[in-house]
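Read the figures in this text as sums done on the coordinates, not as results from a lab. None of the values given here were measured: they were computed from a predicted structure. We place every Cβ from the backbone using ideal geometry, glycine too, and count neighbours over all the protein chains shown.
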Amino acid sequence: MTYIPRIKILYKEKTKVFIEENKYSSNMQIPKLQKIILSKGIGCFVSDKKMIDYAVEEISAISGQRAVTCLSKRDESGFKLRKGTPIGVKVTLRRSKMFEFLDRLITIALPRLRDFNGISNKGFDGYGNYTMGISEQIIFPEISIEKVKKISGMDIIFVTSVNNDKEAFSLLKHLGLPFKNG
């Protein structure tokens, strides 16, 4: 017997709601969550190799998948960067790992935020993708607060198969993302 994430089962149950609400004639037209991207900029620690390795370990622990470093593409004298210098860390989640992360984000991590009353609905880009920022990585239970050298944030990007924000909002709301009212 194979394991199926709870959010994936919930999504399959909600497909009937999408067909009724949006007048889709086929299951293939139903919006899908294609991938979740976690990214973290290193910032002023580009010269410290240990901080870059630590950021890779943090994102890998949070996502359950090995993170990769992002390198600068050209020299920038204003930022004191050389071509090929690590400037960030990212990981792309798909399929079961994506649904597992989404479940942990909704049920465990977001409620641990201080004064949390929902996430903003202003992070849509006009093409059906949603971006949200997390200011502290310590909301994830995989990160031990004793081992944290510097509290930093990250961006979480939800990429959907639809081309407008209304359907993407409906999809993410049905998957359980707690948006603010109003």
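Taking every DSSP bridge with both residues inside segment 34-182, close to 95 percent are antiparallel.
Can you give the helix-only mean residue ellipticity at 222 nm for the chain, where every DSSP H stretch with n ≥ 4 adds -39500 (n - 2.57) and the sum goes over all residues, rounded to the nearest 500 deg cm²/dmol? Could the numbers behind the result be given before it?
Numbers: 4 runs with 53 residues, N = 182.
My calculation for the chain gives -9500 deg cm²/dmol from helical runs alone.
Phi-derived couplings, Karplus 6.51 cos²θ - 1.76 cosθ + 1.60 at θ = phi - 60°, listed residue by residue for segment 101-106: 4, 4, 5, 5, 5, 6 Hz, with x used for Gly and Pro. Taking θ as phi - 60° and the Karplus parameters 6.51, -1.76 and 1.60, the scalar couplings of segment 112-129 work out to 7, 5, 5, 6, 7, 9, x, 9, 5, 9, 9, x, 7, 9, x, 10, x, 10 Hz in sequence order, x denoting glycine and proline.
Would you mind calculating the relative contact order of the chain from Cα pairs under 8 angstrom and at least 6 residues apart, reporting the percent as a whole number? Please report the intermediate quantities before stating the final value.
On the way: 282 pairs, mean separation 48.9, N = 182.
Contact order relative to length: 27 percent.
Can you tell me the FRET efficiency between K173 and S72 if r is taken as the Cβ-Cβ distance and R0 is 41 Å, rounded to the nearest 0.05?
Numbers: r = 37 Å, r/R0 = 0.91.
Computed FRET efficiency for K173 and S72 comes out at 0.65.
Sort M51, M154, M28 so the one with the fewest other Cβ atoms within 10 Å of its own Cβ comes first.
Numbers: M51 18, M154 22, M28 7.
By the 10 Å Cβ count, ascending, the order reads M28, M51, M154.
Once backbone amide H atoms are built at 1.01 Å from N, F179 has I119 as its partners under 5 Å, excluding neighbours fewer than 5 places away on the same chain. Cα axis of helix 165-175 to longest principal axis of the chain: angle in degrees, 0 to 90, nearest 10? Rounded to the nearest ten degrees, it is 90.
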